[in-house]
Amino acid sequence: MRFLILTKRSLLCAALIALSAVLVAAGLGRQYQTSSASNTGERKIPVYCVDTNEKKIAITFDAAWGADDTDELLAILAEYNAKATVFAVGDWVRQNPDAVKAFYEAGHTIANHSDTHTAYSKLSYEEIKADIQRCNAEIEKCIGKAPALVRVPSGDYTNDAINAAESLSMQTIQWSVDSLDWQGVSVEEMVERVTGAVENGSILLFHNDVKNTPEALRQILQILSERGYRFVTVDELIYTEDFRIDATGKQHKNAA
């Protein structure tokens, strides 16, 4: 079974690396995602980070493969009174229900990361909506509560993906700080990369069941705690009404 998990991980990482290389070559950086044209021609953008004066940030994990480090991650998060958001793939939920329940029962948010990690840019609106609903159903069956947040596979969002999520009263969430743990970077590189980029309202991206993530996470939480940051769930960080999202993906509360 472990061999199958590693094989799946390797294929996913290879696909992510290939996608990143294409995007860098295109010179599009963090704004690489392109939305399919809506009826109005408006390009929709998900939430990458939040405009806030408060020193709070969101730790997120994408969960698509194993769950061997669940207890270790939970212990580290508890040590720093940090609440995280786990964006879970439906397949992962089906294979690791105990891990899902453990995160949820510890006070962390369980969110949607698609049902099978299929690229949404290749799917129609109806196919995307059905895929989100399948993952929602798996999560609700596991913890008794359907998610309100979705992160599309590999961050490859389209207008159809955002519209499908909105039709289900869900918000689409990206990230502003990528640990690159899925690339196998060292603990030191991960710590430097993340702590050097964090600011108020940042959304940090990690993955579970990755070799260097637990130790890097421990050091990152220690450093950021000393800087006065609080670690909240994404649903606690974002605005759920009366907001706008600027061209960089930063969410702002509309003035009264």
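Each value in this text was obtained by applying a stated rule to the coordinates, not by laboratory testing. Note that this is a predicted model, so its numbers are computed, not measured. All Cβ positions, glycine included, derive from the backbone under ideal geometry; neighbour counts span all protein chains shown.
Partners of Lys44 within straight-line reach, counting aspartates and glutamates whose Cα lies under 17 Å from its Cα and excluding those fewer than 8 residues away in the same chain: Asp156, Asp160, Glu166, Glu241, Asp242, Asp246. Please work out whether region 44-174 counts as rounded, prolate or oblate from its C-alpha gyration tensor, where a ≥ b ≥ c are the square roots of the eigenvalues and a/c under 1.5 means rounded, while otherwise a/b larger than b/c means prolate and anything else oblate? It is oblate, given that a/c is not under 1.5 and a/b is not larger than b/c. Around the amide H of Val86, modelled in the peptide plane, lie the amide H atoms of Phe61, Thr109, Ile110, Ala111, all under 5 Å away and 5 or more residues distant in sequence or on another chain. The listed peptides 216-222, 184-190, ordered by packing as a protection proxy, come out as 216-222, 184-190 (highest mean of other Cβ atoms within 10 Å first). With the convex hull drawn over the C-alpha atoms of region 106-256, the volume per residue is 139 Å³. Taking each of Lys101/Lys122; Lys145/Lys253; Lys101/Lys145; Lys55/Lys101 in turn, the alpha-carbon distance tops 21 angstrom for Lys101/Lys122; Lys145/Lys253; Lys55/Lys101.
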